[in-house]
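Structure first, commentary second.
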Amino acid sequence: MNIAVFGNEHQPSHCLPRIRVLIESLIKDKHTISAPQGFLSYLSRHNALPDGVSPLTPETPCAHIALSLGGDGTFLNTARIIGARRIPILGVNTGHLGYLAEVDIDNAAGFIARITTFGGGIPCSERSMLVVEGIDTADDIMDFPYALNEVAIVRQDSASMIYVNVRIDGHELADYPGDGLIISTPTGSTGYNLSVGGPIVSPSAPVWAISPIAPHSLTMRPLVVDDSTQLEITARCRTGFFRVSLDGRSTVLPVSSTLRVGKAPFPTLIVSSNANSFIDTLRSKLLWGSSRK
């Protein structure tokens, strides 16, 4: 099996020998391993790169499965690189919280061995993504205008608040005054959305969560809408500019810009370690039920 390995270049020092052991185990099991040149150079500098790993060209990452070594930020970057190629991504956690990177690095080789030995295909779930388009411009908002976690509309370098106007399928919803607004996928509901008081959503639910950031009105509350809806967004603020962020990648736009946010034409495939991984993650990462004896 062809395995593409992606990772950040700020791995904890205690994980570097474990990354080498993982790659060596995969090579021993007759898998073909490739990785981006930057990551290969990083591993080589830290004596964590075994022989037999080939460079992966960024234009055409061709693999049966992709490994994301790091935390959720690394996973989101891997999803961006994979794009619409429908390559399943397995998150291998070398970071801290790791909602998306759910498999521990010490268990990764054994997990891959199990799913490749017994056949039946790689167990994975389809995660819906958001796409952002500029209504009043022919240019893309970003090179990769898609988000697996969330789209955030926030104020730009100013203490003054921003007003984010939202229309749903052509109908006026609200003018949100505050620090900004988050449109979250179910996958991203445990990220930025959760930190501003948005709802936790099951990954398979066909919905988006719309959550205001520090709203200057007690009546503004998070809202869950069908993921087939089209959101039309404008913003106004004293500075004349606002920031739009897609999974942490951001750009600054003038307040004259109008954005359309909807469902992307392709999903991200996430390898599942077990059928109840979402429930297990809530219990282990959020410590739900931890007081029970």
Query raised in the report: What aspartates and glutamates sit close enough to Lys285 to cross-link, taking a C-alpha to C-alpha distance under 15 Å and skipping anything fewer than 8 places away on the same chain?
Result: Asp72, Glu102, Asp104
Query raised in the report: Given Ser128, Ser54, Val21, which one lies farthest toward the positive end of the charge dipole of the chain, if we put +1 on the Cβ of every Lys and Arg and -1 on the Cβ of every Asp and Glu?
Result: Val21
Query raised in the report: Which value does Rg/Rh take for the chain over its C-alpha atoms, Rh per Kirkwood?
Result: 1.00
Query raised in the report: So what is the calculated 222 nm ellipticity per residue for the chain, using -39500 (n - 2.57) for each DSSP H run with n of 4 or more, over all residues, to the nearest 500 deg cm²/dmol?
Result: -6000 deg cm²/dmol
Report summary line: Given Cβ charges of +1 for Lys and Arg and -1 for Asp and Glu, the option among Met142, Gly262, Gly73 whose Cα lies farthest towards the positive end of the dipole of the chain is Gly73
Report task. Show me 62-72, 41-51 ranked by packing, highest mean number of other Cβ atoms within 10 Å first. Result -> 62-72, 41-51
Report summary line: Kirkwood Rh over alpha-carbon pairs of region 28-95 plugged into Stokes-Einstein at 37 °C, 0.692 mPa s gives a D in µm²/s of 257
**Report entry** Most to least packed among 250-261, 189-200 [average Cβ atoms within 10 Å]
**Finding:** 189-200, 250-261
Query raised in the report: Can you pull the Rg over Rh of region 85-191, Cα-only, Kirkwood?
Result: 1.10
Report task. Determine, for each peptide in 28-36, 166-174, the mean count of other beta carbons within 10 angstrom over its residues, then list the peptides with the highest first. Result -> 28-36, 166-174
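Here, each number is a calculation from the coordinates, and none is a lab measurement. Since the structure is predicted, the reported quantities are computational estimates derived from the model, not experimental observations. As a convention, Cβ positions derive from the backbone with ideal geometry for all residues, glycine included, and neighbour counts pool all protein chains shown.
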